[in-house]
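Read the structure below first, then the notes.
The values are calculated or read from the model by the stated rules, or taken from the named source; none is laboratory data. Predicted model, so just to flag it, every value in this text is computed and none were measured. Here Cβ is always computed from backbone atoms with ideal geometry, including for glycine, and neighbour counts include all displayed protein chains. The accessibility values were calculated without ligands, DNA or RNA, using every heavy atom of the protein model including side chains. Shrake-Rupley method; radii C 1.70, N 1.55, O 1.52, S 1.80 Å.
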Amino acid sequence: MSVIIETSKGDLIVDLYVDDCPKAATNFLKQCKLKYYNNCLFYNVQHNFIAQSGDPTNTGKGGESVWGVLYGEQGRFFEDEIRPGLKHKKRGLLGMASAGKDLNGSQFYITTGEGLHSLDEKHTIFGEIAEGLDVLEAIDEAPCDGEGRPLQNIRIRHTIVLDDPTPDPRGLEEHIPEASPPPQFATDGRLEDDWVPNEETRDPEDIERANREKEAHNRAVVLEMIGDLPEADAAPPPNMLFICKLNPVTTEEDLEIIFSRFGNITACDIIRDWKTGESLNYGFIGFDTEEACEQAYFKMNNVLIDDRRIKVDFSQSVSHLWKQFKKHGRKGNTDMMQEADGHLRQQADAGTSGRFELKSQYLPLGGRGGGRGGRGGGGYSLVLEGDDDDVPPPRPRQPRPQQPRPQQPRPPQPRDQPRGSSQRRSRSRSRERRRSPERRREEKERKEKRRGSRSRSRQREERRRGGADPKEARREDRDRRERRRSRSRDRQHAAGRQRSRERGERRGDKERRRSRSRERSCH
């Protein structure tokens, strides 16, 4: 009495009403045994109404009952089994999609809405969804075209009969296939809902590699959008090595001499602190060919240079690309990109190293070292051949002459007046003029109270210091506080009496107005 319907959206478990609708339930069970519903489309999905399937032709015009499969055209349809107690009240009910009265074949529908009373007394309800309402909701929410067909094909992939209490018709065993039919796919250009391109034909390693490349490209696009990369397709040059764990005393000239045996060096930089000019113990070396770069990588990794074992790896930096883009604008042409990728630079003097020139204007301290960073580091720096033609050499900084400021004579101040008191007094006067009269009055009262409290505390202190009796002083303070409290209570009582008088006067005025209005109304 239970069947599992495996769809491209998920599994549906169906319970059949064998006792109420024996013919419809038997027809559905035997069709599932024959794998008749395999690869059938949900060709009519109406939101919050029904989802229709069960037609092998996927047109809504085909399909036949199990007796039609066994006995031919005479058994293609069977009669209705409409029961008054079975109504379309809830979601997940299975009904026969008949073309008319007593014309039930193989097509069925599943209700995706509630209270579908327009279908009552017209179609046979023979089961309901026991599990998988979330799958039914996913089918109902699928986008469809104007005819109600999903834009991506949703199919019944397989059916499994869990319990079948009805006997098989005669000759059914001959039509049961040995294996399930192979999955079918649309040829009209529609995609299958569970289709993943090339996933079944490729190796897992190829799939993982493709996913990593796709993810890396997506990250590069994001970095380009936020301005961290010049272009999403920008890649580190394959002929550039990254060197770290260098000794601070190692210079670019030393690295060039050591690595020059592997090939022609096109770039050699040691990164330095921009403020102090000290080496940060890592750098970059570029070669004219990738073969020379690979040979240097295999030979120079973990080699001892200046009492330090260096680490060599292929560079992942795109700073040379940034140099070209900053020099020629945010967007450069293809020649600039090739120049940045290959670090193309001809030798200044054939037959000699010619790859570095000592720039005296960059050596204010006259020390060794150089590279990218040092304001005070000096040393050797990389020079492209076309640099002098495009960019003028920087001018040495000239000390700015300091002109003496004219001394303004200060007005004489009285001896008893402290320095700056006139300015403070003028500022306080301007603030006083900006305040309102009420504000000035309140501030003046607060100042007088503070001055009075300070004077009273000073008097008490003087009495104590002058040899007065401490008990007498405390008694006077206590009496003074008591008098202050009594005055405060008197003021509060007076204010309360005043408020009560005002309320009484208002009440009397109100009564007089009411009496006058009554007298006018009487007259």
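General remarks:
- All positions within the range 122-132 that are open to solvent by less than 50 Å² (accessible area, probe 1.4 Å), over 15 Å from ILE13 (Cα atoms) and assigned to a loop (DSSP other than H, G, I, E, B): HIS123, THR124
- Hits in the range 16-40 (condition: more than 52 Å from the chain's Cα centre (by Cα) and of a type in the set (Gly, Ala, Ser)): ALA24
- Residue within the range 72-90 that is assigned to a helix (DSSP H, G or I), open to solvent by 20 Å² or more (accessible area, probe 1.4 Å) and either touching a residue at least 24 places away in the same chain (Cβ under 8 Å) or over 23 Å from PRO181 (Cα atoms) (or both) present: yes
- With respect to being open to solvent by 20 Å² or more (accessible area, probe 1.4 Å) and modelled with pLDDT under 85, ASP254 falls outside the description.
- Identity of the residue in the range 100-121, touching a Gly at 6+ places or on another chain (Cβ under 8 Å) and among the hydrophobic types (A, V, I, L, M, F, W, C), that ends up surrounded by the fewest Cβ atoms within 10 Å (Cβ to Cβ): LEU119
- Unique match (being touching a residue at least 24 places away in the same chain (Cβ under 8 Å) and open to solvent by less than 70 Å² (accessible area, probe 1.4 Å)) among ALA210, ALA220, ALA235: ALA235
- Residue check for ASP140: closer than 30 Å to CYS32 by Cα and either under 26 Å from the mean Cα position of the chain (by Cα) or surrounded by 17 or more Cβ atoms within 10 Å (Cβ to Cβ) (or both): yes
- Of all residues in the range 261-288 being among the hydroxyl-bearing types (Ser, Thr, Tyr) and closer than 15 Å to SER315 by Cβ, the one that is modelled with the highest pLDDT: TYR282
- Residue selected from the range 276-300 under the condition of a type outside the set (Asp, Glu) and part of a loop (DSSP other than H, G, I, E, B), by the criterion surrounded by the most Cβ atoms within 10 Å (Cβ to Cβ): GLY277
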